[in-house]
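Below you'll find the structure, written out as structure tokens, and then a few comments.
The values are calculated or read from the model by the stated rules, or taken from the named source; none is laboratory data. From a predicted model like this one, the values you see are computed outputs, not experimental measurements. Methodologically, a virtual Cβ is constructed for each residue, glycine included, from the backbone with ideal geometry; neighbour enumeration extends over all protein chains shown.
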Amino acid sequence: MTLPLQDKKIVLGVTGGIAAYKACGVLRRFQKAGCEVRVVMTASAQKFVAPLTFETLSGHEVVTDMFPPRRTVKTRHVRWAEWADAILICPATANIIGKAAAGIADDFLSTLILASRRPLIFAPAMDYEMIENPIYRENRKKLESFGHHFIDSETGHLASGAVGPGRLADESVIYSAVESILHPSGALSGVRVLITAGPTREPIDPVRYLSNNSSGKMGFALAEAAASRGASVTLVTGPVSLETMPPVDRIDVSTAAEMNDAVLARFPDHDVLIMAAAVADFTPLHPSGSKLKKQGEAVGLKLRRTGDILKNVAAVNDGKIVVGFALETDDVLENGKRKLKEKRLTFICVNDATEPGAGFETDTNHVTLLFPDGETDDLGMLSKSATAEKILDRIEIIRGGA
Ligand code: CTP
């Protein structure tokens, strides 16, 4: 399979922040995708990571100085600007963003930025006070108005010890953002992906229901990531308070039965199904048509099982990729393996509801992928967007090998 960014030339501009060490992983991610990467470091970046690290990883000399001793300088910045298919500044400090916005060219990287006509992509990382500063925000707006790109930082623990926005986006999010800028049709172009998200609500009476705490964030992150890779996405969602972006075809449902019908009706027209929804397993046997009045000290509620959507899909699946989720509190891997088999899934994404930062309502998740051949892939604690990118990477690989 030819990778979407195969043979693309990326200049990686590393500026001085603690996230500079993460640029090593970013460089590797682009190399794995078949890109050639050359690195420029600012003077402050070299305080955090040695140029030798990037030289060894990239296999090329790292530019650290506008005027290196004993070398003919000529117009090296112009040559680099022409060589690159894209310039990725990662991490991008408030300083380089401010200089770029003001047109200052006082070192190699800022001169290269000014000389380049290629896509310029900033992956900012800084403390939350800086990212929220109106001066920074104005600078970003100005650069965006010139068509330059920004990859939003994540919210999380920052080097200062604070928790807030400003943490460098995960390398998979950075990769996929660059991919969609350089290859707008996307690696999943033409692929139809059906995704479910959120909880279901099972009515007890007109004003009460049984449900769960699913926020829908994981399913929405998957929908957004698949759409940005060029997939045509249908999102069947239970009641959540999240907005969808326009390229996603959103279908709102409420009960497990409605979700089942919506998925089964659309499954034949899709190539991939990802069931991230937390579907209720039981529904009241006799929901009341009018509001129930309180009677006595205790009340019984009779429930019946809902249909298992994935099992219903398995009965009609002729070889499409079907991915399930499982949120467990005990025997996480064992239960995940059982569900993988019973629901005849391509793979299952399991997570442990008892682990802080994983599961419902959080912005992060810690997912392990389980495959029918026994392979397990622990993705580690990541933002839900980054988790979504990794899941889609797997789907791309499976499709490529099909
Ligand atoms: N699922 C489904 N239909 C249901 C319940 C769950 O398709 N009625 C899907 C979920 O969307 C998820 C996977 O099955 O992708 C596993 O869901 P989970 O609730 O963990 O599993 P259950 O089969 O309901 O097992 P249990 O409740 O016993 O853990």
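For residue 287, work out the one condition from (1) away from the ligand (no atom under 16 Å from the Cβ); (2) farther than 12 Å from residue 203 by Cα; (3) surrounded by 15 or more Cβ atoms within 10 Å (Cβ to Cβ); (4) not polar (S, T, N, Q) it doesn't fulfil.
That leaves (2) as the condition not met.
Scan region 365-386 residue by residue and report those that are crowded, with 19+ Cβ neighbours inside 10 Å and closer than 19 Å to residue 163 by Cβ.
365, 366, 382, 383, 384, 385, 386
Which residues, taken from region 215-240, are at pLDDT 95 or above, crowded, with 19+ Cβ neighbours inside 10 Å and either touching a Gly at 6+ places or on another chain (Cβ under 6 Å) or outside the structural domain of residue 357 (by TED's automatic domain parsing) (or both)?
216, 237, 238
It is to be established whether one or more residues within region 283-304 are farther than 30 Å from residue 191 by Cβ and of a type in the set (Val, Ile, Thr).
Pass one, region 283-304, residues farther than 30 Å from residue 191 by Cβ: 283-304.
Restricting the remaining residues to those that are of a type in the set (Val, Ile, Thr) gives 283, 299.
Yes, region 283-304 has at least one match.
For (1) in a loop (DSSP other than H, G, I, E, B); (2) near the ligand (Cβ under 8 Å from one of its atoms); (3) of a type in the set (S, T, N, Q), each residue gets a yes or a no:
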position	(1), (2), (3)
299	yes, no, no
310	no, yes, no
314	no, no, no
336	no, no, no
339	no, yes, no
348	no, yes, no
351	no, no, yes
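All but one of (1) within 13 Å of the ligand (Cβ to nearest atom); (2) crowded, with 16+ Cβ neighbours inside 10 Å; (3) in a loop (DSSP other than H, G, I, E, B) hold for residue 258; which doesn't?
(3)
Starting from region 309-327, keep only residues that are on the phi > 0 side of the Ramachandran plot, then list their pairs with residues that are more than 9 Å from the ligand (Cβ to nearest atom) whose Cβ atoms are within a distance under 9 Å, requiring at least 6 positions of separation or different chains.
That search, which allows pairs on different chains as well, returns 319/402.
Assuming residue 344 fulfils every condition listed in (1) assigned to a strand (DSSP E or B); (2) within 12 Å of the ligand (Cβ to nearest atom) apart from one, which condition is it?
All conditions pass for residue 344, except number (1).
Select the strands (runs of 3 or more DSSP E) contained entirely in region 151-247, then report the ones holding at least 1 residues which are under 30 Å from residue 9 (Cβ atoms) and in contact with a Phe, Trp or Tyr (Cβ under 6 Å, 6 or more places away or on another chain).
Once the strands (runs of 3 or more DSSP E) in region 151-247 are filtered for at least 1 residues that are under 30 Å from residue 9 (Cβ atoms) and in contact with a Phe, Trp or Tyr (Cβ under 6 Å, 6 or more places away or on another chain), what remains is 163-167.
Within region 353-391, can you find the residues that are assigned to a loop (DSSP other than H, G, I, E, B) and either of a type in the set (Phe, Trp, Tyr) or at pLDDT 90 or above (or both)?
Within region 353-391, 360, 371, 372, 373, 374, 375 meet the criteria.
Looking at (1) within 10 Å of the ligand (Cβ to nearest atom); (2) without any contact (Cβ under 8 Å) to a residue 12 or more places away in the chain; (3) aliphatic (A, V, I, L, M), which one does residue 278 not meet, given that it meets all the others?
(2)
Which of (1) under 22 Å from residue 37 (Cα atoms); (2) surrounded by 18 or more Cβ atoms within 10 Å (Cβ to Cβ); (3) out of contact with any strand residue (DSSP E or B) (no Cβ under 8 Å at 6 or more places or on another chain) is the odd one out, the single condition residue 92 does not satisfy?
Looking at each condition in turn, residue 92 falls short on (3).
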